[in-house]
Amino acid sequence: MKASVDPQRSATMRAVKSRDTSPELAVRALLRGFAPGYRLHRKDVPGNPDIAYPGRKQAIFVHGCFWHGHECARGARMPKANADYWRAKIARNRARDRAHCETLAALGWRALVIWECELKDRAALEKKLRDFVLFSNKN
């Protein structure tokens, strides 16, 4: 049986952006300080990463904790209404995310996932980004 459609909820869900989100803008602002030259939303890179360094074969995905099923408090919270739909949707998102990372790895790319909750500690996030972008290709 299909759940009834709530027009208010539908409007709210339509307003959710997939690019240029606040977490993504915050990550880009940090990267501009020490590693400019990234490209955004490259459709020619598997998974269409939020941020890519094609020459270095590095991809950065900025994931919302709820939408991508992170294991933090926000990501673990499941809506009570239409719970079966949301469980299935988030499971599909997680499977798709894994497939994208596996495809990138098979092509010689390195991928980094930044979770929305990681923005709470800017110093740790900046270190994580620096380690990935600046030091990951050094042998």
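With n ≥ 4 as the cut-off for DSSP H runs, can you work out [θ] at 222 nm for the chain, using -39500 (n - 2.57) per run divided by the number of residues, rounded to the nearest 500? Please list the in-between numbers first.
Numbers: 5 runs with 63 residues, N = 139.
The per-residue figure over the chain is -14500 deg cm²/dmol.
Run the accessible area of the chain with a 1.4 Å probe and give the carbon-and-sulfur part as a rounded percent.
Answer for the chain: carbon and sulfur cover 53 percent of the accessible area.
What does the accessible area per residue of the chain come to in Å², with a 1.4 Å probe and no ligands, DNA or RNA counted?
On the way: 8820 Å² over 139 residues.
Value for the chain: 63 Å² per residue.
Which ³J(HN,Hα) values in Hz, rounded to whole numbers, follow from the phi angles of region 103-117 under the Karplus curve 6.51 cos²θ - 1.76 cosθ + 1.60, where θ = phi - 60° and Gly and Pro get x?
5, 4, 4, 5, 8, x, 8, 10, 10, 10, 9, 9, 8, 3, 5
Out of residues 5 or more away from Cys65 or on other chains, whose amide H comes under 5 Å of its own, with H placed 1.01 Å from N in the peptide plane?
Amide H neighbours of Cys65, under 5 Å, 5+ apart: Glu116, Cys117.
The values are calculated or read from the model by the stated rules, or taken from the named source; none is laboratory data. Quick caveat: nothing in here was measured; it's all calculated off a predicted structure. Each accessible area value is taken on the protein alone, full model and side chains, heavy atoms only, with ligands, DNA and RNA left out. Shrake-Rupley method; radii C 1.70, N 1.55, O 1.52, S 1.80 Å.
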